[in-house]
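Some notes on the structure that comes next.
The values are calculated or read from the model by the stated rules, or taken from the named source; none is laboratory data. Everything quoted here is computed from the prediction, not taken from an experiment. Note that we place each Cβ from the backbone using ideal geometry, even for glycine, and neighbour counts take in every protein chain shown.
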Amino acid sequence: MITPFRSPRPRSVNRPALLSLTGAGLFLASLDAYVVVTALLPMLTSVHIAVNRPEQATPIITGFLLGYLAVMPIAGGLSDRFGRIRVFAACLALFAFGSFLTASAPSLSQLVTGRLLQGAGGGALVPAVLALAADLYPSGDRSPVLGAVSALQEVGSVLGPLWGGLVTASSFGWTWIFWLNIPVAALIVWALWPEIRSRREERRPANLDWIGASLATAGLAFLTLALYGTNPEQSPVGEGFLWQAPLAIICFGVFVWYERRTPHPLINVRWFRDSSFGGSAVTNAIAGAGLMVALVYIPVLANAVFSMNASGSALLLVRLMLGIPIGALLGGWLAHRMRSYRFVAALGLVLAAAGFLMLSGWTEGSLKPHLIGPLTVADGELFLTGLGLGLEIAPVSAALLDAVGEAERGAGASFLIVMRLVGMLVGFSLVAGFGLWEFHRATAHLLPPLPGLNPNFAAQFAFYTLKVKQAIFDEYHLIFRATAIALLVGAAVAAATLRPLARPRWQ
Amino acid sequence: MRAGSPPRILAAGLALAIGVSACGPQPPDGATLVKQSSQRMLALKGFHFQMQITGFTGPDELVQSAQGDAHPPDLHAKVNLKQGAILLEVEVIFKADSVYLKSFTGGWQQLTAAQVAQYFDARLLFDPQAGLFAAMRDTTAPSRGNSEKVDGHDAHTVDGMLQGTRVHQLLPLIREQGAYHATYWIESPSNNLWRARVSGNLFDASQAATIVFDFTSHDHPVSVTPPPLG
């Protein structure tokens, strides 16, 4: 089962010190979750990939998410069996090794491998630290600690793009985003070393569902490959779509079949009997996809059309990212006040959809009009989008956790993160392929003028640049409108399925 | 044990036998290897190539890398051009006397040889008279070095010098002055050239740069067809 929080640790250990150190490692890894979105262009150039082949950047993003998803479901069980801190230290070392491969990559394949290992190491830290926090504190005092750990992870991922943009724009360059991880990770492991060697940690027998985890990972890997449009001029999906997509479906089918029969499943399929659980899982995945679209395409739009550098792109994205934690706090308070998960979740998704619709109307002059004081209309639109995406987090999470049994809350919480990441992975893969395909379709007959070959080159080039920018805008308008529609579907699902439940119906 | 006793003589004899059999036939000297490899590469029905320029190239040298298939003079390649801090990819086809270019957007457009010479005449790289394989023959002081693995193949390294005037013919922005260090990785007895490296102050009198060519699919037939225009 995902992330079981079991027997308490001895109270003799220095709990704040342990939690601070492991929390610092978790923060470090979460910073890197979306750090690349503001560093993609220089990363591509470093591995000799041209900017007009952006499809080759897709695995840099999907690789991390896939690694994260592959390891996260079994990491809780691994920490049961081998000890929380040992698993934490091993995974932090894996994360640091992934960082080394990424920073030193001479080729795209090493860069993607590095990101995959970073994801695998970083993804395992979440359940390991949550389980450690649950061990260290008794059930009555546990909630604020677990909340703080989750908040640390969220804040890290929110700050990641800004951190990435600032380092990339500095004289150090993008590789230092990853080089810096190595000494910090080493310092954390060094500080934890006495605890790792003490053998004080309790090890428990854990039934790890390796088969389930392998089937789910294989399914996701095939799906990611199927949706990865390697040649967007010809097709929005991968060249092997026709055999990879059915294989992914078969893997997921066998996974569900196996999970229903195995005594220690990765996911309790009975949860899905409750429509509130299924609805919140789907809503969470759609919101994750929406967030990923914003994370990737706002910096790229800033760079390609508004000619911003990495730090400028990051600062533009921060306006949206700021709205997320504020929305998350507000969503929790509103849901509690109104005693309704469905209304607040649906409201959040509708606001996010409205935000995406506004963004889809952006043109070259959209960053200029002022709203109030120094704030522009664009600032407001970005903040609204983030606020909407934040608003849905608390009610959707609470609805899902209410639908699982008390003893399975840890597993339910991990499933929430898994579904969000699945949404990010699948949503981004789909959008990247279709977006680029649309761009190539729109520019299929747009021949660039060449200096020396065209008599009136300057004028023709200005006209050509205008046309290309228009095609990029058209691509983004399509992507943002499609995302808005998906979010509205999510709002409808939330409105139709979510409800506050006193206790699980089937318990 | 006494020196020269039967077991020691036996062991020495065995070691000698193993040593001789492990060495096998000696490969030709550097000059012969380079000459034979040049002939071999000029006679191929086709090959895949990859070219990478690193180091200081100056503001005028736009080409950063190229890769594709060639049966000289026909060639189909993807070329990465430097544009400030970023790279842009274009695709070129050289077929008979026609040159075709596929740029950042749109389809293929046809250029004349004179027009394409302003940017990057990839045909020059493997031209039978001016190209790399012909230049190999003009390598001065070639000396054979150790055997190294390149792309899974055992190849002998041959070090030598190439005159600037000769290397300038490959890429017109390379300086004609002086001489550059050239290294070839040649498989024996097939004489396949797997890698060639030219290094020195190629584009600037005081700053170094390196061009590395990698070759695979030796003698695999390459047929380049003109693309549809528009």
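Residues in the range A:397-414: is at least one within 14 Å of chain B (Cβ to nearest Cβ) and more than 18 Å from the chain's Cα centre (by Cα)? Break it down stepwise before answering.
Narrowing the range A:397-414 to residues within 14 Å of chain B (Cβ to nearest Cβ): none.
No, the range A:397-414 has no match at all.
Determine which member of the set A:V282, A:V269 is surrounded by fewer than 18 Cβ atoms within 10 Å (Cβ to Cβ) and either within 17 Å of A:I417 (Cβ to Cβ) or touching an Asp or Glu at 6+ places or on another chain (Cβ under 7 Å) (or both). Step through it out loud before you land on a result.
On the way: A:V282 fails: surrounded by fewer than 18 Cβ atoms within 10 Å (Cβ to Cβ).
After ruling out the rest, the residue left standing is A:V269.
Going through the range A:107-137 one residue at a time, which ones are outside any helix (DSSP H, G or I) and either within 30 Å of A:L220 (Cα to Cα) or of a type in the set (G, A, S) (or both)?
At the first step, the residues of the range A:107-137 found to be outside any helix (DSSP H, G or I) are A:107, A:137.
Hit for the range A:107-137 is A:S107, nothing else.
Exactly one of these conditions fails for B:Q118: (1) within 14 Å of chain A (Cβ to nearest Cβ); (2) buried (at least 16 other Cβ atoms within 10 Å of the Cβ); (3) out of contact with any strand residue (DSSP E or B) (no Cβ under 7 Å at 6 or more places or on another chain). Give me its number.
Status for B:Q118: all satisfied but (2).
Search the range A:364-392 for residues that are acidic (D, E) and pair each with any residue that is surrounded by fewer than 17 Cβ atoms within 10 Å (Cβ to Cβ) and in a strand (DSSP E or B) when their beta-carbon atoms are under 7 Å apart and the residues are at least 6 apart or on different chains.
Close Cβ pairs (under 7 Å, with a partner that is surrounded by fewer than 17 Cβ atoms within 10 Å (Cβ to Cβ) and in a strand (DSSP E or B)) amount to A:D379/A:L371.
Would you point out the residue of the range A:420-458, among those that are assigned to a helix (DSSP H, G or I) and farther than 25 Å from A:Y476 by Cα, that is farthest from the other protein chains (Cβ to nearest Cβ)? Walk me through how you get there before you give the answer.
Here is the first cut: in the range A:420-458, the ones assigned to a helix (DSSP H, G or I) are A:420-442, A:457-458.
Right, trim to farther than 25 Å from A:Y476 by Cα and you get A:457-458.
Values: A:F457: 12, A:A458: 17 Å.
Here the answer is A:A458.
Would the range B:65-85 turn up any residue that is within 15 Å of the chain's Cα centre (by Cα), away from chain A (no Cβ under 14 Å) and of a type in the set (D, E)?
Looking for residues that are within 15 Å of the chain's Cα centre (by Cα), away from chain A (no Cβ under 14 Å) and of a type in the set (D, E), one finds at least one in the range B:65-85, hence yes.
Checking B:L111 against (1) touching a residue at least 40 places away in the same chain (Cβ under 8 Å); (2) among the aliphatic types (A, V, I, L, M); (3) closer than 30 Å to A:L436 by Cα, only one condition comes out false. Which one?
Among (1) touching a residue at least 40 places away in the same chain (Cβ under 8 Å); (2) among the aliphatic types (A, V, I, L, M); (3) closer than 30 Å to A:L436 by Cα, B:L111 violates only (1).
Within the range B:143-157, is there a residue that is within 14 Å of chain A (Cβ to nearest Cβ), at pLDDT 85 or above, in a strand (DSSP E or B) and surrounded by fewer than 20 Cβ atoms within 10 Å (Cβ to Cβ)?
No, the range B:143-157 contains no residue that is within 14 Å of chain A (Cβ to nearest Cβ), at pLDDT 85 or above, in a strand (DSSP E or B) and surrounded by fewer than 20 Cβ atoms within 10 Å (Cβ to Cβ).
Going by the conditions given, is A:R337 assigned to a helix (DSSP H, G or I) and without any contact (Cβ under 8 Å) to a residue 60 or more places away in the chain? Working first, answer last.
Numbers: assigned to a helix (DSSP H, G or I): yes; without any contact (Cβ under 8 Å) to a residue 60 or more places away in the chain: yes.
In short, yes.
Looking only at the range B:170-188, filter to residues that are part of a loop (DSSP other than H, G, I, E, B) and aliphatic (A, V, I, L, M); which one of those is farthest from B:P27 (Cα to Cα)? Give the steps one after another, and end with the answer.
Quick first cut of the range B:170-188, residues part of a loop (DSSP other than H, G, I, E, B) only: B:170-178, B:187-188.
With the extra rule that they be aliphatic (A, V, I, L, M), the set shrinks to B:170-171, B:173-174.
Working: B:L170: 29, B:L171: 32, B:L173: 36, B:I174: 33 Å.
Per the stated criteria, the residue is B:L173.
Test of understanding: among A:A103, A:A96, which residue is more than 14 Å from chain B (Cβ to nearest Cβ), crowded, with 24+ Cβ neighbours inside 10 Å and more than 30 Å from A:H264 (Cβ to Cβ)?
On the way: A:A103 fails: crowded, with 24+ Cβ neighbours inside 10 Å.
Criteria check complete, one pass: A:A96.
Pick from the range A:362-376 the residues that are of a type in the set (A, V, I, L, M, F, W, C) and surrounded by 10 or more Cβ atoms within 10 Å (Cβ to Cβ): which of them is farthest from the chain's Cα centre (by Cα)? Show your work before the answer.
Residues of the range A:362-376 of a type in the set (A, V, I, L, M, F, W, C): A:362, A:367, A:371-372, A:375.
Now narrow it down to the ones that are surrounded by 10 or more Cβ atoms within 10 Å (Cβ to Cβ): A:362, A:367, A:371, A:375.
Numbers: A:W362: 25, A:L367: 26, A:L371: 31, A:L375: 28 Å.
Only one residue fits best here, namely A:L371.
Could you please find all residues in the range B:189-201 being under 19 Å from B:A134 (Cα atoms) and part of a loop (DSSP other than H, G, I, E, B)?
Kept after step one, since they are under 19 Å from B:A134 (Cα atoms), are these residues of the range B:189-201: B:190-199.
If the condition is that a residue be under 19 Å from B:A134 (Cα atoms) and part of a loop (DSSP other than H, G, I, E, B), then B:S190, B:N191, B:N192 are the ones that fit.
Suppose we filter A:A335, A:A354 for residues that are modelled with pLDDT under 90 and either touching a Leu at 6+ places or on another chain (Cβ under 9 Å) or buried (at least 24 other Cβ atoms within 10 Å of the Cβ) (or both); which single one remains? Explain how you work it out, then say what you get.
Values: A:A354 fails: modelled with pLDDT under 90.
Only one candidate qualifies: A:A335.
Suppose we filter the range A:262-316 for residues that are among the hydroxyl-bearing types (S, T, Y), within 22 Å of A:L466 (Cα to Cα) and in contact (Cβ under 8 Å) with a residue 24 or more places away in the chain; how many remain?
Looking only at the range A:262-316, we keep the residues that are among the hydroxyl-bearing types (S, T, Y), and these are A:262, A:275-276, A:280, A:283, A:297, A:307, A:311, A:313.
Still in the list and also within 22 Å of A:L466 (Cα to Cα): A:297, A:307, A:313.
Subsequent filtering for residues that are in contact (Cβ under 8 Å) with a residue 24 or more places away in the chain retains A:297, A:313.
Final tally of qualifying residues: 2.
Taking the condition of being in a helix (DSSP H, G or I) and either facing chain A (nearest Cβ under 9 Å) or touching a strand residue (DSSP E or B) at 6+ places or on another chain (Cβ under 7 Å) (or both), how many residues in the range B:87-114 meet it?
Matching residues across the range B:87-114 total 1.
Any chance the range A:473-481 includes a residue that's assigned by TED's automatic domain parsing to the domain that holds A:S276, within 19 Å of the chain's Cα centre (by Cα) and either crowded, with 18+ Cβ neighbours inside 10 Å or at positive phi (or both)? I'd like the intermediate steps shown before the answer.
Applying the first criterion (assigned by TED's automatic domain parsing to the domain that holds A:S276) to the range A:473-481 yields A:473-481.
If we keep only those that are within 19 Å of the chain's Cα centre (by Cα) as well, we get A:479-480.
If we keep only those that are either crowded, with 18+ Cβ neighbours inside 10 Å or at positive phi (or both) too, we end up with A:479-480.
Within the range A:473-481 (the criterion being assigned by TED's automatic domain parsing to the domain that holds A:S276, within 19 Å of the chain's Cα centre (by Cα) and either crowded, with 18+ Cβ neighbours inside 10 Å or at positive phi (or both)), the answer is yes, since at least one residue qualifies.
Just give me the residues in the range A:206-231 being under 18 Å from A:L421 (Cβ atoms) and among the β-branched types (V, I, T), in sequence order.
Residues satisfying the conditions are A:T217, A:T224.
With the condition kept exactly as written, say whether any residue in the range A:138-149 is assigned to a helix (DSSP H, G or I), closer than 30 Å to A:V318 by Cα, of a type in the set (K, R) and not assigned by TED's automatic domain parsing to the domain that holds A:L317. If you could, list the steps in order and put the result at the bottom.
Step one: of the range A:138-149, the residues assigned to a helix (DSSP H, G or I) are A:139-149.
Applying the additional criterion that residues be closer than 30 Å to A:V318 by Cα yields A:143-149.
Those left that are additionally of a type in the set (K, R): none.
No, the conditions are met nowhere in the range A:138-149.
Going through the range A:241-284 one residue at a time, which ones are outside any helix (DSSP H, G or I) and within 24 Å of the chain's Cα centre (by Cα)?
Within the range A:241-284, A:L266, A:I267, A:N268 meet the criteria.
Does A:V71 qualify as being under 17 Å from the mean Cα position of the chain (by Cα), away from every other protein chain (no Cβ under 14 Å) and under 23 Å from A:I267 (Cα atoms)?
On the way: under 17 Å from the mean Cα position of the chain (by Cα): yes; away from every other protein chain (no Cβ under 14 Å): yes; under 23 Å from A:I267 (Cα atoms): yes.
Criteria met by A:V71.
Suppose we keep only residues that are away from chain A (no Cβ under 14 Å) and within 18 Å of the chain's Cα centre (by Cα) within the range B:212-230. Which one would you say is farthest from B:D151 (Cα to Cα)? Don't jump to the end; show me each part of the working.
Taking the range B:212-230 as the starting set, the residues that turn out to be away from chain A (no Cβ under 14 Å) are B:213, B:215-226.
Retained after the next criterion (residues that are within 18 Å of the chain's Cα centre (by Cα)): B:213, B:215-220, B:222.
Numbers: B:F213: 13, B:F215: 9, B:T216: 8, B:S217: 11, B:H218: 13, B:D219: 16, B:H220: 17, B:V222: 20 Å.
Here the answer is B:V222.
Do the conditions hold for B:H48, that is, is it at pLDDT 90 or above, surrounded by fewer than 19 Cβ atoms within 10 Å (Cβ to Cβ), in contact with a Leu (Cβ under 9 Å, 6 or more places away or on another chain) and more than 14 Å from chain A (Cβ to nearest Cβ)?
Working: at pLDDT 90 or above: yes; surrounded by fewer than 19 Cβ atoms within 10 Å (Cβ to Cβ): yes; in contact with a Leu (Cβ under 9 Å, 6 or more places away or on another chain): no; more than 14 Å from chain A (Cβ to nearest Cβ): yes.
Against the criterion (at pLDDT 90 or above, surrounded by fewer than 19 Cβ atoms within 10 Å (Cβ to Cβ), in contact with a Leu (Cβ under 9 Å, 6 or more places away or on another chain) and more than 14 Å from chain A (Cβ to nearest Cβ)), B:H48 does not qualify.
As an exercise: evaluate A:V184 against (1) touching a residue at least 40 places away in the same chain (Cβ under 8 Å); (2) not assigned by TED's automatic domain parsing to the domain that holds A:G67 and give the number of the one condition it does not meet.
Going through (1) touching a residue at least 40 places away in the same chain (Cβ under 8 Å); (2) not assigned by TED's automatic domain parsing to the domain that holds A:G67 one by one, A:V184 breaks only (2).
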